[in-house]
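Below is one structure, written out as structure tokens, with a few remarks after it.
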Protein chains: 2
Amino acid sequence: MGQGVEWALHSCVNMSWTPVGEAVSSARLAAFYRLPAAYLNKQLQALVRAGILASVSGPRGGFQLARRPDRISVLDVVLAIEGNDDAFRCEGILKDAPGGMEADYARTCLISQTMRHAEVTWRTELSRQSIAGIAQSIERRFPDAREETVRQLTGARGRQEPRSA
Amino acid sequence: MGQGVEWALHSCVNMSWTPVGEAVSSARLAAFYRLPAAYLNKQLQALVRAGILASVSGPRGGFQLARRPDRISVLDVVLAIEGNDDAFRCEGILKDAPGGMEADYARTCLISQTMRHAEVTWRTELSRQSIAGIAQSIERRFPDAREETVRQLTGARGRQEPRSA
DNA sequence: GAGTAGCTACTCGGATAGTACATGTCCGAGTAAACTTGG
DNA sequence: CCAAGTTTACTCGGACATGTACTATCCGAGTAGCTACTC
């Protein structure tokens, strides 16, 4: 699985903490984790295309959650980055197998069904977890995490402090 | 997920049908599905290294199951081909994050735990299914499949028929 | 002093290289069967 | 006819190319805010 999934999930959790209506730039998120900013931006673009994030250009621009964090599942983020294809793709190799069972056998391939069933359980498990749920768990376990994150992400943004001396 | 997983699973099911003690060459298995023989051979080598198959060289050589098919789970085959690493690898990006929560946060990263939990359910699901179970399901649904497969895999093997004329 | 035109700086967005892994192919080591030859 | 030595053909096993996708980077389009100028 690609690295971008981890970055996207962390970014979504962080953005669930920032004030609504205020966008966070990819550069600031990248600096938070010491990540390559341009590449993180590319991943967030995929989330925009999936309708998970909304983007605004220009100064004070950036990304923000497109809907409430309790309506964004972990599966949504994973599929946005990795694509909707199943991990196990049955190429239907049986259609070339000899014997009189080609078509039917291929459609009802038991191996494909087994793999698909396992993947469905995996997806179901991820769809049960939401960004908001993870954020709440983190808040419970690390009471300072939210405040610290918001401070790092919104502090000294745009507002140039008065030049001293 | 790699294509070899599908080939390996089908090959294991087929070998669960062939008589014990008789090896099946990769060339014959590849011809059954119209697959590149050398590449299938490469995949089966991985199963040998994992202790799932046993290989014998020379004429009448090939591969055979190293243990009873009801003791080989689908997960065993998948891990033998794909490797034992988790699909989602948490690189611990939080260790570079600012704030006073680095080490603890990284070790107990909730996102990593969520992804890991989903993967555990996936693996559990696959570990419940055995090669023998899949083979039996196929036999029930397609009564002729086993006989036809064995005939294709063992027919005219080595035994050169008497030259006519 | 207030309004407006222009400029600057900052952001996303997609197009562009670099790299690791999966895919596909090839040849050599080893072995069991088949053949030949001598008794 | 039988047995031992030799040859042969077939197999796995790992080393060698190729293609694809992930990773990483750069530059242009667009916009909000600031600045300067005019009234």
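Restricting attention to segment A:1-34, report how many residues are closer than 30 Å to B:Gly83 by Cβ and touching a residue at least 24 places away in the same chain (Cβ under 8 Å). Of the residues in that region, 11 qualify.
If the condition is being more than 10 Å from DNA strand C (Cβ to nearest atom) and within 14 Å of chain B (Cβ to nearest Cβ), then segment A:16-67 contributes A:Ser16, A:Trp17, A:Ala31, A:Phe32, A:Tyr33, A:Arg34, A:Leu35, A:Pro36, A:Gln43. Would you please list the contacts, defined by Cβ atoms under 8 Å and residues six or more apart or on different chains, that run from a residue in segment A:138-163 that is within 14 Å of DNA strand D (Cβ to nearest atom) to a residue that is modelled with pLDDT of 85 or more and not aromatic (Phe, Trp, Tyr)? Going by the 8 Å Cβ cut-off, the qualifying pairs are A:Arg157/A:Arg28; A:Arg157/A:Arg60; A:Gly158/A:Pro59; A:Gly158/A:Arg60.
The helices (runs of 4 or more DSSP H) falling completely within segment B:1-104 that include 1 or more residues that are at pLDDT 95 or above and away from DNA strand D (no atom under 15 Å from the Cβ) map to B:3-17, B:74-82.
Among the residues of segment B:35-44, some residue qualifies, meaning at least one is of a type in the set (S, T, N, Q) and free of Cβ contacts under 8 Å to residues at least 40 places away in the same chain.
Any idea how many residues of segment A:1-31 are surrounded by fewer than 22 Cβ atoms within 10 Å (Cβ to Cβ) and aromatic (Phe, Trp, Tyr)? Number of matching residues: 1.
The values are calculated or read from the model by the stated rules, or taken from the named source; none is laboratory data. A quick note: this is a predicted structure, and the numbers were derived from the prediction, not measured. FYI the Cβ positions are ideal-geometry reconstructions off the backbone, even for glycines, and counts take in every protein chain you see.
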